[in-house]
1. Is it the case that Val171 is in contact (Cβ under 8 Å) with a residue 12 or more places away in the chain and either buried (at least 18 other Cβ atoms within 10 Å of the Cβ) or in a loop (DSSP other than H, G, I, E, B) (or both)?
2. Would you point out the residue of the range 198-222, among those that are among the hydrophobic types (A, V, I, L, M, F, W, C), more than 22 Å from the chain's Cα centre (by Cα) and surrounded by fewer than 18 Cβ atoms within 10 Å (Cβ to Cβ), that is nearest to Ser173 (Cα to Cα)?
3. Identify, by number, the condition in (1) closer than 27 Å to Ile131 by Cβ; (2) out of contact with any Gly (no Cβ under 9 Å at 6 or more places or on another chain); (3) touching a residue at least 40 places away in the same chain (Cβ under 8 Å) that Val209 doesn't meet.
4. Could you identify the single residue in Asp190, Asp157 that is assigned to a helix (DSSP H, G or I), outside the structural domain of Lys88 (by TED's automatic domain parsing) and over 25 Å from the mean Cα position of the chain (by Cα)?
5. Which condition breaks for Lys315 when tested against (1) surrounded by fewer than 10 Cβ atoms within 10 Å (Cβ to Cβ); (2) closer than 19 Å to Glu371 by Cα; (3) modelled with pLDDT of 60 or more?
6. How many residues are over 19 Å from Ser68 (Cα atoms) and either of a type in the set (Lys, Arg) or modelled with pLDDT under 85 (or both) if we restrict to the range 88-114?
7. Can you pull out the residues in the range 62-86 that are at pLDDT below 85 and not β-branched (Val, Ile, Thr)?
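The values are calculated or read from the model by the stated rules, or taken from the named source; none is laboratory data. These numbers come from a predicted model, not from an experiment. In this analysis, Cβ positions are derived from the backbone assuming ideal geometry, glycine residues included, and neighbour counts consider all displayed protein chains.
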Amino acid sequence: MSWNDQGNNNGSRDPWGKNNNNPPDIDELIKKFRAQINSLFGGGSGGGSGGLKKILPAALIGIILLYSVFGIYTVDAQEEAVVLRFGKYSTTKGPGIHWNPPFVDNRFIVNTEKLFTHTTNSSMLTKDENIVNVEVAVQYKRSNPVFFLLEASAPEDSLAQASEAELRHVVGSTSMDSVLTVGREQIAMDVKSRLQTRLDIYKTGIEVVAVSIRESRPPDAVKEAFDDVVKAREDEVRLRNEAETYANQVVPIARGNAKRAIEDAEGYKQKVISEAEGEASRFDQLLFEYSKSPEVTRQRLYLDAVQSVMNNSTKVMIDVKEGNNILYLPLDQIAAASLNPQRNLNENNPSSSIPNDLSSDIQEITDRVIEELRRRQDRR
């Protein structure tokens, strides 16, 4: 029977057996829905077991999917995941997407690149039995997550206690001046080294990245006295710098003068040696000439010696023949008078008192002397 025939035989009923002319019965729909639910969960008399067989695989698949989804997790680039299986360490996983079975494995994700800071501030005793207030900052990261989570019960508390202990040890081995001024960097380096060694012994999994002395100051009771000490030290440094600057200016000049004096001495040495060698050579030549003609050479040496003496003399004493008087010739005045003809020679020349028989000889000598002086003057 076709759908159309059925519709024609039943009048206005549709293929599902419903009457299109009347509205659906709400109560009947609810009853049918309850019957279907009961049949799925075994509530019906005939088809319960068949519905249960249909829903169990679907429910099992859903549970498996949910179990799988809950086991998926992501580890960032700066993190590491420590996996515990039944409470015991299993493995460490790096960045990426991972899966572990829930309720079997427990995972703990630790950021191994993030920097943390711990600050310590307390009063400490120095090597010279002075008290200083020191504030130190320790930067660290959790580089070993297994040790950080499993080996030490409170690794960051261990860091706090160890940092203060090592700081007290280093400050106690250093003088107050060094702690407050130039020794702060060395103190930070020593504290970092000792603190890292201590944390490695404790297996905290913490890596100390940097230690810095933020502040070191004396107690308030002695602050003014210490300020005076600091000022005196600054004056010392300033004066030392000024002295070094002055030394840098003076020392090169002194070295230059010393080098010049040495070079002058070397030049003088060579000059003296050359002159001595020249004099020795001249003496050898004179000795050779003297050996050939002693009388002539002797006379020549005498004349040369007299000439060299007379060249540097401005006064001449002449022993006049056949007389008891000594003639005095002021050559400098005679030369001045000869260069100034307008000058009165009678006032400056004492020759007016010379006897008449010697006038011609004196005049001749005077003329020669004046002529020689004029030649010298022309050469000058």
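1. Values: in contact (Cβ under 8 Å) with a residue 12 or more places away in the chain: yes; either buried (at least 18 other Cβ atoms within 10 Å of the Cβ) or in a loop (DSSP other than H, G, I, E, B) (or both): yes.
Yes; evaluated as a whole, the condition is true for this residue.
2. At the first step, the residues of the range 198-222 found to be among the hydrophobic types (A, V, I, L, M, F, W, C) are 199, 201, 206, 208-211, 213, 221-222.
Still in the running and more than 22 Å from the chain's Cα centre (by Cα): 199, 201, 206, 208, 221-222.
Next, only the ones that are surrounded by fewer than 18 Cβ atoms within 10 Å (Cβ to Cβ) stay: 201, 221-222.
Working: Ile201: 23, Ala221: 23, Val222: 21 Å.
Per the stated criteria, the residue is Val222.
3. (1)
4. Numbers: Asp190 fails: over 25 Å from the mean Cα position of the chain (by Cα).
Criteria check complete, one pass: Asp157.
5. For Lys315, the exception is condition (1).
6. 2
7. Taking the range 62-86 as the starting set, the residues that turn out to be at pLDDT below 85 are 62-71.
Across the range 62-86, the qualifying residues are Gly62, Leu65, Leu66, Tyr67, Ser68, Phe70, Gly71.
Rundown of residues vs (1) part of a helix (DSSP H, G or I); (2) surrounded by 14 or more Cβ atoms within 10 Å (Cβ to Cβ), yes/no style:
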| site | (1), (2) |
| --- | --- |
| Ser143 | no, yes |
| Ser153 | no, no |
| Glu166 | yes, yes |
| Gln196 | yes, yes |
